[in-house]
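Participant: My questions all concern the structure below.
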Amino acid sequence: MIKIHHQLKLSLPAAIVGLFLLVVFVSACSGSTKGDIDAYCALVEENFEIGLANSGIELDDLEALLEVSPDGITNVVEKLRNTLADIAEIDELDQLFAATFDPDALVAQQKFEIYNADECGISIEAMAAALKANQGLVENELRTFLDGNEVFSSWINNISISITFDGVKVVGAQATFLTPSEPDQGLSVCHAISLWIYVLKEAEGEILVFDNAREIVRRNASDTKCVEV
């Protein structure tokens with residue numbers, strides 16, 4: 001009996017220590033959630049365009065964001081970071097656009113924007129401003145493509161172009177001649193924009209060409225060619 005009593009006396013402090021360690025362990029686990037939501041939201045607020053297609057965001061920005069991303073958004077930010085890293089290493093044009101419009105990356109962008117709205121309270125006005133700026137980047141991309149091809153030189157300086165853009169992909173374009181167009185120039189404009197949208201961007205959308213306020217050429221998303229109207 002004495003021996004058993006002695007073991008109980010020895011086991012009591014051990015039990016207390018064990019309980020203490022368990023409490024410490026549980027407390028540590030409960031506070032070990034990865035990331036810092038305040039730091040995360042601060043970075044996003046500084047870069048509203050993060051995650052949007054063609055945003056021009058730097059890889060370092062996503063790396064910094066990943067370091068403070070909470071558990072609920074880590075995988076999404078990793079996908080965006082990895083996609084951007086892949087794009088940075090691609091030289092072939094077809095591979096570049098395939099990577100840019102990777103369906104999984106687009107889904108990640110949408111999840112990213114929803115999370116930021118829910119968790120960071122990003123205002124609709126701020127997102128709208130970012131999307132507008134992003135649309136400008138896409139329009140500049142199209143303009144650069146057209147400026148870089150001498151085939152389009154006869155009319156490139158005689159048109160204004162606006163892109164219909166939903167923040168993730170191009171869904172249409174409109175071109176307007178600033179001075180009266182010459183025969184077949186409207187079709188040439190439509191063909192050029194079609195090449196950019198349908199081939200390079202791997203998207204679909206309605207293309208409208210105007211001579212002043214008069215529509216002269218159209219390509220519907222379901223059509224296979226540009227037609228005069």
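Participant: Label residue 214 and residue 161 with points 7 Å out from Cα along Cα→Cβ: what is the distance between them in nm?
Facilitator: Distance between label points: 2.4 nm.
Participant: Give me a comma-separated list of calculated 3J(HN,Hα) values for segment 170-179, in order, Karplus coefficients 6.51, -1.76, 1.60 applied at θ = phi - 60°, integers in Hz, x for any Gly or Pro.
Facilitator: 6, 10, x, 8, 9, 10, 10, 6, 7, 10
Participant: Treat each spin label as a single point 7 Å out from the Cα along the C-beta direction, and report the residue 85 to residue 107 distance in nm.
Facilitator: Distance between label points: 2.1 nm.
Participant: Between residue 217 and residues 5 or more places away or on another chain, which pairs have amide H atoms under 5 Å apart, with H built 1.01 Å from N, and which residues are they?
Facilitator: Under 5 Å from the amide H of residue 217: 209, 229.
Participant: For a quick check: with amide H placed at 1.01 Å from N, whose amide H comes under 5 Å from residue 159's, ignoring anything fewer than 5 positions away on the same chain?
Facilitator: For residue 159, the qualifying residues are 178.
Participant: Find out how many positive minus negative residues lie around residue 69, taking Lys and Arg as positive, Asp and Glu as negative, among other residues whose Cβ is under 9 Å from that of residue 69.
Facilitator: In short, -3.
Participant: Give, in nm to one decimal, the length gained when the segment between residue 223 and residue 147 is fully stretched (0.36 nm per residue of separation minus the Cα-Cα distance). Walk me through the numbers before you get to the answer.
Facilitator: Working: separation 76, 0.36 × 76 = 27.36 nm, distance 2.61 nm.
Once the chain is fully extended between residue 223 and residue 147, it gains 24.8 nm.
Participant: What FRET efficiency would be calculated for the residue pair residue 114, residue 34, taking the C-beta separation as r and a Förster radius of 30 Å, to the nearest 0.05? Walk me through the numbers before you get to the answer.
Facilitator: On the way: r = 20 Å, r/R0 = 0.66.
So the FRET efficiency works out to roughly 0.95.
Participant: Using unit Cβ charges (K, R positive; D, E negative) and no other charged atoms, how large, in debye to the nearest 20, is the dipole of segment 134-221 about its Cα centre? Mind showing how you got there, number by number?
Facilitator: Values: 6 positive and 12 negative charges, 24 e Å.
Result for segment 134-221 is approximately 120 debye, rounded to the nearest 20.
Here, each number is a calculation from the coordinates, and none is a lab measurement. Predicted model only: the values in this text are computed from it and were never measured. Every residue, glycine among them, receives a Cβ derived from its backbone with ideal geometry; neighbour counts consider all protein chains shown.
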